[in-house]
Amino acid sequence: MSGGRGADGAGEALRIEDLRKSFGDLEVLGGVSLSVRRGEVVVVIGASGSGKSTMLRCVNFMEIPTSGKIFLGGALVGRERGGGIEYREKELTRLRARVGMVFQHFNLFPHMTVLQNVMEGPKTVLGCDGEECRRRGNLYLDRVGLAWKAESYPSQLSGGQQQRVAIARALAMEPEIMLFDEATSALDPELVGEVLETMKALAEDGMTMIIVTHELGFAYTVADRVLFLSGGRVLEEGTPSEVLTFPREEGTRNFLRGHGTFRLPEPRLD
Amino acid sequence: MGHNWDFSSVFASRALLLQGLENTLILGATCLALGLFFGLFVGAARFSGRAWLYFPATVFVEVFRNTPVLVQIMWFFFAFPIIVPFQVDAFTAAAIGLTLNTVAFSSEIYRAGLQSLARGQWEAGRALGMSYWQQMFRVILPQAARRMLPAFMNRAVELFKMTSLASVVAYGELMHQAKVVSTISFNPIEMYTSVALIFFAVLFPMTVFARRFETRGDPRGRS
Ligand SMILES: Nc1ncnc2c1ncn2[C@@H]1O[C@H](COP(=O)(O)OP(=O)(O)OP(=O)(O)O)[C@@H](O)[C@H]1O
Ligand SMILES: [Mg+2]
């Protein structure tokens, strides 16, 4: 355990117990367990196909786990029935509003302005009134440094700016935890830095985050804990220096060798 | 043997024809509104991967796409009343036939429109906590609408032409009025010529309008 913020058990934001997920015959997650404290930043690394995305997508129930339990804010999601867990779509829809997700390909709504994108969740899902939505929209756009682009359309922004808007859109829901699935993988190298800076600022503000990334330098500086996923299981887990610089497992070493030396995040320019 | 064109008898019965045109527009507009509304649900059912939605919707669409509209209207007028406990008048029979036909065809337009959007758009809405229909109405349809509009316009033109088939069950739309009047005043040549001209006058602007949407790009660009 690293010496992060708020290490008491009551401050548990998320707990995953023996999470398994199969697609047909293919077992993608073979029993993952994880507990994330409030304000903790967990970085998940692993080779392509190791189940990183699937794990994140199970946390906000974009995929329904085959088995295992997920607790959000201390409460079990779903209800236990006959040895398994039963999920109702209504409950899952409400739960997704409490978990923010940022995608590799941004997935901004192209028919809305930047501000409308950020306001959309609060407006449609939380049903806040116009003024409050607008206030929230501007607040979170400001958080990612893009208040000045409020009236632009996503297609008029750079990739890095689009991803920052996507982060603001998720933040505007004021989620309990944020999930990032390779948020910088689709970006040109010179645009990666600004997005990582935004994420780092969030982490410093105490946001609880699970981050899937290949940016090991970023993982090293921002993570409280690093998880190495291999074949749908947690092969190794520990502080960044434990996992990234002194890995115990051969699998982790092989993976890191393939990545060469890590690059530290570049400063944001604007 | 030349025909002596004389439209004065047509003009004399203009009140009846106008009544017919009004009924045509009422029937067409009703079927268009209902057809586009229910078409969305059938299209969404066909779009969804779930067998219990996909299969019945597909059967429905194929039945209505592969039988003549004329037969559908006749069927709803003559056969349908036998299996339902209420009277079916000419308007209702024609409206049901044409509506279901429009549902079948527009559902395919919806389906293609839904398929044209990347899955990530649905996922982004879903991840925010939107319900399926919130994703549909806030995220998907506004984007798909622009692409679907020309096809819907063409469908509307087809539908208004098909309303003339309601004359077979003696619904008083334009075609039926013309038939009635022409048997009394013995002027079928001028009468049907006039009907054709009236349809053209109503529908041609619509097709021109539809074409403008086809050629015009998205002013905002697209990411
Ligand atoms: N919806 C699905 N249906 C079937 N198989 C899937 C589905 N989603 C993921 N998989 C499979 O599950 C495995 C793990 O996928 P996942 O996307 O979780 O890996 P990942 O670690 O995120 O990889 P990457 O680094 O390439 O993003 C892969 O073999 C993938 O093909
Ligand atoms: Mg992935």
Percent of all Cα-Cα pairs per 5 Å bin for chain A, counting from 0 up to the last occupied bin, reads 1, 6, 13, 17, 18, 17, 13, 9, 4, 1, 0, 0
Could you pull out every one of the lysines with an alpha carbon less than 25 Å from that of B:Lys161, ignoring same-chain neighbours closer than 8 positions?
B:Lys179
With -39,500 (n - 2.57) per DSSP H segment of 4 or more residues and division by the full residue count of chain B, the 222 nm estimate, nearest 500 deg cm²/dmol, is -24500 deg cm²/dmol
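What pairs from A:Lys21/A:Lys123; A:Lys123/A:Lys149; A:Lys21/A:Lys90 go past 26 Å between their alpha carbons?
Violating the 26 Å limit, Cα to Cα: A:Lys21/A:Lys123.
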Tell me, what are the semi-axes, in whole angstrom and largest first, of the equivalent ellipsoid of chain B as set by the roots of 5 times the Cα gyration tensor eigenvalues?
39, 23, 12
Counting Lys +1, Arg +1, Asp -1, Glu -1, what net charge surrounds A:Val212 among other residues with beta carbon under 12 Å of its beta carbon?
-1
Restricting things to Cα coordinates, could you compute the convex hull volume per residue of region A:139-270 in Å³?
119 Å³
Give the longest segment of chain B that steers clear of trypsin sites (Lys or Arg not before Pro) in DSSP loops with at most 11 neighbouring Cβ atoms within 10 Å, not counting the sites themselves.
B:51-215
Could you work out the helix-only [θ] at 222 nm for chain A, with each DSSP H run of four or more residues adding -39,500 (n - 2.57) and the total divided by the number of residues, to the nearest 500 deg cm²/dmol?
-9000 deg cm²/dmol
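Report the gain in length on full extension from A:Asp25 to A:Ser241: 0.36 nm times residue separation, minus Cα-Cα distance, nm rounded to one decimal.
Contour length minus the Cα-Cα distance gives 74.1 nm.
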Output ordering of B:15-23, A:110-118 (per-residue mean of other Cβ within 10 Å, highest first) is A:110-118, B:15-23
Taking every DSSP beta bridge that has both residues in the protein assembly as shown, what percent is antiparallel when rounded to the nearest 5?
60 percent
Express in Å², to the nearest 10, the accessible area of A:Leu141 obtained by rolling a 1.4 Å probe over the protein heavy atoms while all chains stay in place.
0 Å²
Mean separation of Cα pairs under 8 Å and 6+ residues apart, divided by the residue count of chain A: what relative contact order is that in percent?
25 percent
What figure, in Å² to the nearest 10, do you get for the accessible area of B:Ile184 with a 1.4 Å probe and non-protein molecules left out?
120 Å²
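For peptide B:131-138, what's the mean number of Cβ atoms from other chains within 10 Å of each residue's Cβ?
Rounded to a whole number, the mean comes out at 3.
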How big is region B:120-162 by Rg and Dmax over its Cα atoms, in Å?
14.3, 44
Beta carbons within 10 angstrom, averaged per residue: use that to sort the peptides A:78-84, A:57-63, B:195-201, A:125-131, highest first.
A:57-63, B:195-201, A:125-131, A:78-84
Averaged across the residues of A:56-67, what count of C-beta atoms belonging to other chains lies within 10 Å of each residue's C-beta?
1
Average partner chain C-beta neighbours within 10 Å, per residue of A:169-176?
2
Note to self: with every protein chain in place and a 1.4 Å probe, chain A gives an accessible area per residue in Å² of 42 Å²
List the residues whose amide H sits under 5 Å from the amide H of A:Ala13, counting only those 5 or more places along or on another chain, with H placed 1.01 Å from N in the peptide plane.
A:Val36, A:Arg37, A:Arg38
GNM of chain A, Cα pairs under 10 angstrom: of A:Ala203, A:Ala170, A:Ala183, the biggest fluctuation goes to A:Ala203
Taking the mean number of other Cβ atoms within 10 Å as a proxy for protection, how do you rank A:241-251, A:39-49, A:144-154 from highest to lowest?
A:39-49, A:144-154, A:241-251
Could you work out Rg/(2.2 N^0.38 Å) for the protein assembly as shown, with Rg from alpha carbons only?
1.31
Quick note, region A:112-215: a/c under 1.5 would make it rounded; otherwise a/b > b/c is prolate and the rest oblate (a ≥ b ≥ c, C-alpha gyration tensor); here it is oblate
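The values are calculated or read from the model by the stated rules, or taken from the named source; none is laboratory data. On a predicted model such as this, the values are computed, not experimentally measured, just so you know. FYI the Cβ positions are ideal-geometry reconstructions off the backbone, even for glycines, and counts take in every protein chain you see. The protein model used for the area step is the full one, side chains on, heavy atoms only, and it has no ligands, DNA or RNA in it. Shrake-Rupley method; radii C 1.70, N 1.55, O 1.52, S 1.80 Å.
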